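Below is one structure, written out as structure tokens; comments come after it.
Read the figures in this text as sums done on the coordinates, not as results from a lab. In this text the structure is predicted, and so the values were computed from the model without any measurement. Positions of Cβ are generated from backbone atoms using ideal geometry, with glycine treated the same way; all protein chains shown enter the neighbour counts.
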Amino acid sequence: MPSLPTCSALLIQVRLQTQTAYRGIVDCVVKTYRHESLLGFFKGMSFPIVSIAVVNSVLFGVYSNTLLALTATSHQERRAQPPSYTQVFIAGCTGGFLQACCLAPFDLVKVRLQNQTEPRAQLGSPPPRYRGPVHCVASIFREEGPRGLFRGAWALMLRDTPTLGLYFVTYEWLCRQSTPDGQNPSSATVLVAGGFAGTTSWMTATPLDVIKSRMQMAGLKQREYRGVLDCMVSSARQEGLGVFFRGLTINSARAFPVNAVTFLSYEYLLHSWA
Ligand SMILES: CN(C)C(=N)NCCC[C@H](N)C(=O)O
């Protein structure tokens, strides 16, 4: 289950990217805590908890199978006959594209709920727009139609396709640099390589992550955009180029431990099933 630091990081990142009320990470943490208490940091997290297993299985499953199709070598043979970085990149991009298709509605609900700054329902206070994830899905479906559930999906696919290619290339490259030819990387190598793969990919993904989050909020507090390009141009015009780096620090820091553990579990599962 995601811990308080993981939930807080995800919430702060989304708020910094889509709202202008915060001066930085600390200001966002303090205001969220004062206004919404500790529970506020867990907003929007029930859907990601359910979806993370599905989305990660799609990503790693598609990646492994694409690599298998491209190289015709099994995972065990791959240490003796390593795939080229181009093959790793193509397999990563394919996994990234398909995981984005599955992730889109879950991510939309998460972002909409995380952006609700109202404190928990109190007697007499107006209820928040969405009462929870199911109510959020039903409201989007009713107000914006089934396509509404895929708001921001293009930006998400543009974010995830190349950056997940880079994710797997970084991981493979770091593992090969620190492992003698033909041997499997040690657990420590997997943790460090996985951590850096997560951080590097999130650093490059942040500009499109900002655009994706803004497009997901479009029509609510945010203005409507004509598309990804329109969102990029108007955000940069109004807030300067720095807008594309909002949430970069928190995104990259959160990515290290999360992806270190993700790759360790992936390698462990591959070895125990092989
Ligand atoms: C740059 N991107 C989009 C990624 N590296 N995505 C895969 C990482 C998945 C992990 N659950 C995480 O949230 O970091």
Open item on the list: To make sure I understand, if each residue's beta carbon is the centre and we count other beta carbons within 10 Å, what order do Asp27, Asp181, Asp107 fall in, fewest to most?
Closed with: Asp181, Asp27, Asp107
- [ ] Order by neighbour count: Trp173, Trp202, fewest other Cβ atoms within 10 Å first, most last.
- [x] Trp173, Trp202
TODO: Could you tell me which of Pro162, Ile49, Thr117 has its Cα farthest along the dipole of the chain towards the positive end, charges placed at Cβ (Lys, Arg +1; Asp, Glu -1), taken about the Cα centre?
DONE: Thr117
TODO: Show which aspartates and glutamates lie in cross-link reach of Lys31 when reach means a straight Cα distance below 20 angstrom and same-chain residues fewer than eight apart are skipped.
DONE: Glu118
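Using the crude model of +1 on Lys and Arg Cβ and -1 on Asp and Glu Cβ, and no other charge, please compute the dipole size for the range 109-245 relative to its Cα centre, in debye to 20. Intermediate values should be presented prior to the final figure.
Numbers: 16 positive and 10 negative charges, 124 e Å.
Taking the Cα centre of the range 109-245 as origin, the dipole is about 600 debye.
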Open item on the list: Quick check: convex hull over the Cα atoms of the range 68-115, volume per residue in Å³, rounded to an integer?
Closed with: 101 Å³
Open item on the list: Can you tell me the length gained on complete extension of the stretch Arg142 to Thr73, counting 0.36 nm per residue apart and subtracting the Cα distance?
Closed with: 20.0 nm
- [ ] Provide the gained length on full extension for the span His135 to Leu4, in nm with one decimal, where the gain is 0.36 nm per separating residue minus the Cα-Cα distance.
- [x] 44.8 nm
TODO: Take the chain, connect every pair of alpha-carbon atoms lying under 10 Å apart with a spring to form a Gaussian network, then pick out the residue of Ala69, Ala91, Ala193 with the largest mean-square fluctuation.
DONE: Ala69
- [ ] Starting from the Cα of Thr179, step 7 Å along the direction of its Cβ; do the same at Ser57; then give the gap between the two resulting points in nm.
- [x] 2.5 nm
Task: Dipole magnitude (debye, nearest 20) for the range 187-273, charges at Cβ of Lys, Arg, Asp, Glu - done: 340 debye
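Work the Kirkwood hydrodynamic radius out for the chain: mean of 1/r over every pair of different alpha-carbon atoms, inverted, in Å. It would help to have the intermediate numbers written out before the result.
Details: mean 1/r = 0.0508 Å⁻¹.
Taking the inverse mean of 1/r over all distinct Cα pairs, the chain comes out at 19.7 Å.
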Task: Computed FRET value (nearest 0.05) for Ser187 with Cys101, which takes r as the C-beta separation and R₀ as 25 Å - done: 0.20
